[in-house]
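Note sheet for the following structure.
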Amino acid sequence: MITLRTVAILAALALATAGASDAAAQAVSDKLSFAPAPDDSGAASDTILVDIDDGSDEWLRTPFGDHLLMDVDEWAERSRGVSHFSLPMAYNRVDSYRLGVGYQAQAPETMYPRVGARLEYAFQRERTLYGLQVEQPLLRRGRLALGVSTVRVTDHSELQQVGELENSLAMLFGRIDYRDYFEREGYGAYLASRLGWLSTLSLHARSDDYRSLTTRGGTGSIFYRDRELRPNPPIDEGESRRAIVRFERVTHRTSRTRAGLYHWLELEFAGRDLGGDFDYTRLLADVRSVVRLSPATTLALRMVGGSNLDGRLPAQRTFTVGGVDGLRAHRTAQFRGDQIALGQMEYTIGLWRMKANVFEGGLHAIVFLDTGTAWFNSDGDWDLGGQHFAVDGGFGLATAEDNLRVYFARDLQDAGGDIRISVRLQRPF
C-alpha cells in the first residue's frame, strides 16, 4: 500500500522535475524565471516579473538515448550557465519509487569537456543506478567530439516514449504503467561529428549486460487500487556487444519559424566478430516534422520504420506499437515484432487565447490519425505490403502551453469499439 511519505516525496519531486529533469530529458520547456524589471530610467526596480514560457520557443528532439547530456546548442540557448542540477525521479511497477540527483557541466564555445552524471536509488529492489558521460570536443561548438559513457539503468522499450514524469503520475494516480522494463548495465565510446544543420553523425562501440525485472505487486496508487498491474515481460538476458552508426538531429522551433524537422536513424550491428550473446543487424528510423500552417494552426507528422536485417533480435530489441504514444485506441505494446511501420498525424487549431500581465493561456483543438503495426518475419524482409495496418483516430483538447492534453481515441476499423481517453503532459511527437 502506498504511504503518505511516498506521496509527499513524489509530489515534491514532481514539481521540481517538471522544471528540471523532464525539461532537459524531453526538451519541453516548463520554466518559471524571475528577474528585476527596468524602470523608465533604465535602472533596475524592485518589481519582479514572472516569465512563463508558453512553448512558442522550444527545442524538439526524438526521446531516445540516456539523456545525460543536453545538445550543445540547446544548452547555450537555454542559458544554463556552466553547470545545472536536476532531481530525476520515477514511480513504476518494477522499481516502486526511484529518486536521484543529476548534474551537467558544459562551457559552450570552449574546448572544456562536457560532463553529465546521474545517481539514483530504486527503493523497492534496493538497487543503486548510475550514469556518467564525458565528451571531449575536438573542434569548437562540438563539431567533432570524442566521448565515453557508463550506465546502470532501469531501461525500457525505446518506442514506449511516455515521459518519466507523466508515466510516474499515471502510476501514482491511476495504477497504469505505459512501459516494459529491463536493467541495462554497460559502457561504451563514441565519435560524433556535426554535419552542419543537417544532422549529427556518431559512431559507437558498446558492451551492455541485460537483466529481466519483475512487477512489484506491492506498488500502490491513490486511485484504482484494485486494478491489476500488467506483468513486466521477461527479456533475453545476456551480454550484447554492438557497433552503432547513428544520425540524430534536434531542432529549434519558434513562433517565427514555419517548420521543425528532426530525426533519429540508427543502424546497429551485434555479435559476430564483436562477441557477446546476440547476433543481429537492426535498423530503426524515426522522422518527425512540425509545420506551422498559419498563426493558429499546426500540423505535426511522424514516420517510424524498423527492421531486423539479419539474425534474431533479443526480446528487449524488438519493436512495439500500441498505447498512448502510438495507436492510441489500442493497448500498450499490443503489437510486437522484428519489423515495424507507424505513421502519425496531428492537426492543431487554436480556439482562443487569453493574455494578462503575468499569465498567458488558451485552448487548442486537435484532430489526429495513427496507423501502423509491428510483426515478425523470419526471413528478415520488411514485407510491408502483406501486413494489415491498424487505424486509430479521434480528437483532443490541449492548453495553449501544451502542458495538458486530453485525447479521445477510437479504433476506426471496429464500428463497436470503445473510446479510449488518455491524458498527456506534453506533445506525443
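Some points to look at:
- Positive-pole candidate from Gln161, Tyr178, Ala205, dipole of region 105-225, charges at beta carbon: Ala205
- Long-range Cα-Cα pairs in region 279-429 (distance over 24 Å), rounded percent: 40 percent
- In sequence order, calculated HN-Hα J values of region 214-227 (Karplus, 6.51, -1.76, 1.60; Hz; x Gly/Pro): 10, 5, 9, x, x, 5, x, 8, 6, 10, 6, 5, 8, 5
- Region 279-429, relative contact order [Cα under 8 Å, separation at least 6], %: 19 percent
- With the convex hull drawn over the C-alpha atoms of region 208-367, the volume per residue is 184 Å³.
- Among Ser83, Ser207, sorting on how many other beta-carbon atoms sit within 10 Å of each Cβ, with the fewest leading, yields Ser83, Ser207.
- Looking at region 121-173, the GluC sites (Glu not before Pro) that sit in a DSSP loop and have at most 12 other Cβ atoms within 10 Å of their own Cβ are Glu126.
- Rounded to whole Hz, the Karplus (6.51, -1.76, 1.60) HN-Hα couplings of region 231-239, x for glycine and proline: x, 7, x, x, 10, 8, 6, x, 9
- Two-site FRET efficiency, Leu283 against Leu351, from Cβ-Cβ distance with R₀ of 41 Å, rounded to 0.05: 0.50
- Karplus-derived 3J(HN,Hα), 6.51/-1.76/1.60, for each residue of region 197-213, Hz, glycine and proline x: 7, 6, 5, 10, 9, 9, 10, 10, 10, 9, 10, 9, 9, 10, 9, 6, 10
- Exposure proxy ranking, count of Cβ atoms within 10 Å, fewest first, for His204, His388, His67: His388, His204, His67
- Ascending count of other beta-carbon atoms within 10 Å, so fewest first, for Arg140, Arg78: Arg140, Arg78
- Distance (nanometres) between label positions extended 7 Å along Cα→Cβ at Thr214 and Leu299: 5.1 nm
Since every read-out is calculated from the coordinates, none of them should be taken as a lab result. The structure displayed is predicted, hence computed values, not measured ones. Reconstructed Cβ throughout: ideal geometry from the backbone, glycine too, with neighbour counts over all protein chains shown.
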